[in-house]
Amino acid sequence: MTIGGYLAVLGSTLCSSRWTGCIQIYLEALPPSLPETTGLTFCENSCADMLWFDATTLLVGCDSGELALWQMLDDNCNTVKRVASFLEHNNIVSSLDINSNKIVASGSWDKSIKLWDIAKEESIATLRKHSAEVTCLIWNRTEMNVLISTSRDGSIVVSDLRESSTGCVLGKNSGLATTAVTNCSNIDGSEIAVGFENGEISLFDIRQASEAVISTNSFHKRWISKLVYYKNNKIISASDDCCVSVIDIDAGGQLNTIYKDFRHRDFVKGLSCLPERNQFLSCGWDSQIHVHFDHMFDNC
């Protein structure tokens with residue numbers, strides 16, 4: 001994940017009989033010529049997701065259910081220190097997102113979603129919208145009070161925090177786990193893309209409830225682990241089939257593959273976009289970071 005010239009990467013390894021994690025921070029460098037790690041910090045627990053809380057602070061979700069706040073103490077990020085931690089989930093923190101009001105949402109395998117005021121170091125709400133593990137969540141791009149979440153129970157739930165209802169469930173549950181979600185580019189923020197365990201991706205209109213599906217296509221052979229919006233009506237998908245895809249959304253809402261990359265040799269788990277540099281990054285369980293350039297698919 002990138003911000004202000006910094007590239008932060010989470011890692012996990014099996015050490016003896018337990019999993020441990022690490023945070024690697026690079027300064028103004030991109031693959032394939034990464035220098036020596038500027039900051040390398042080991043964590044007590046394996047790390048599952050992260051976000052930049054501000055220009056010098058990372059929030060990391062751990063397998064233990066902990067959220068840990070890590071801060072760079074110098075401009076060269078030689079020293080990274082854990083400055084706060086929050087332990088209210090009792091299983092893996094699978095997904096994190098932050099809205100424009102700096103409210104963090106965390107989704108967990110304990111089936112709950114928690115909202116956090118990190119500045120005050122406290123949780124402010126707990127949402128129980130799913131009957132199985134929460135796999136991914138995002139704040140709506142235009143409505144900072146609207147949260148969208150996916151789960152192994154197969155549901156896609158849109159929660160408006162200004163209302164006390166249980167949330168709107170999109171589409172008809174196919175019985176497949178919903179695994180990843182991202183906002184799309186339309187101006188009113190009504191369109192989202194959702195990934196499924198069988199490698200399909202669907203485009204939804206969150207205003208339409210049961211008739212929300214705009215289009216569906218199969219892009220991967222296995223679990224979709226990550227979806228992100230890139231630019232110019234394009235989204236990027238990463239999958240446990242070791243493939244990275246760029247998908248174009250045409251004017252009619254149809255989804256079309258314009259690029260596939262098979263350089264990874266294990267599950268692809270992370271994506272980070274640098275649209276201003278016309279490139280994006282992918283990383284996976286093969287311990288590799290690959291860079292993808294626009295010119296690889298612009299003429300497709």
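The values are calculated or read from the model by the stated rules, or taken from the named source; none is laboratory data. Values in this document were obtained by computation on a predicted structure and should not be read as measured data. With ideal geometry, Cβ positions are generated from the backbone for all residues, glycine too; neighbour counts draw on all protein chains shown. What goes into the accessible areas is simple: the full protein's heavy atoms, side chains included, and nothing from ligands, DNA or RNA. Shrake-Rupley method; radii C 1.70, N 1.55, O 1.52, S 1.80 Å.
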field: Protein accessible area in the chain, 1.4 Å probe - carbon and sulfur %
entry: 47 percent
statement: Rounded to the nearest 10 Å², the accessible area of Leu176 using a 1.4 Å probe with every protein chain kept is 50 Å²
query: Accessible surface of Trp109 in the full protein assembly, 1.4 angstrom probe, to the nearest 10 Å²?
result: 90 Å²
message: Using a Cα-Cα cut-off of under 20 Å, which aspartates and glutamates could be cross-linked to Lys234, ignoring same-chain neighbours fewer than 8 residues away?
response: Asp188, Glu191, Glu200, Asp205, Asp248, Asp250, Asp261, Glu276, Asp294, Asp298
statement: Heavy-atom accessible area per residue of the chain, all protein chains kept, 1.4 Å probe, expressed in Å², is 45 Å²
- request: Treating cross-link reach as a plain straight distance, find the lysines whose alpha-carbon is under 29 Å from the alpha-carbon of Lys129, omitting any fewer than eight places away in the same chain.
  value: Lys102, Lys111, Lys114, Lys120, Lys172, Lys221, Lys226, Lys269
task: Any chance you could look up the accessible area of Arg141 with a 1.4 Å probe, heavy atoms only, rounded to 10 Å²?
output: 120 Å²
statement: Zone reached by a paramagnetic label modelled 7 Å from Thr216 Cα along Cα→Cβ, restricted to the stretch 250-269 with backbone N below 20 Å, covers 250, 252-257
Assigned charges on the beta-carbon of Lys, Arg, Asp, Glu; the stretch 210-265 dipole about Cα centre (debye): 320 debye
Gyration tensor verdict on the stretch 197-281 (Cα atoms; rounded if a/c is under 1.5, prolate if a/b is larger than b/c, oblate otherwise): oblate
- line: Everything considered on the Cα gyration tensor (a ≥ b ≥ c; rounded for a/c under 1.5, else prolate if a/b is larger than b/c, else oblate), the stretch 66-162 must be described as prolate
- request: State, as an integer percentage, the relative contact order of the stretch 65-106 based on alpha-carbon contacts under 8 Å between residues 6 or more apart.
  value: 35 percent
statement: Calc'd 3J(HN,Hα), the stretch 188-199, phi into Karplus 6.51 cos²θ - 1.76 cosθ + 1.60 (θ = phi - 60°), Hz, glycine/Pro = x, comes to 7, x, 8, 9, 10, 10, 10, x, 10, 5, 8, x
task: Can you tell me the relative contact order of the chain? Whole percent, Cα pairs under 8 Å, sequence separation 6 or more.
output: 8 percent
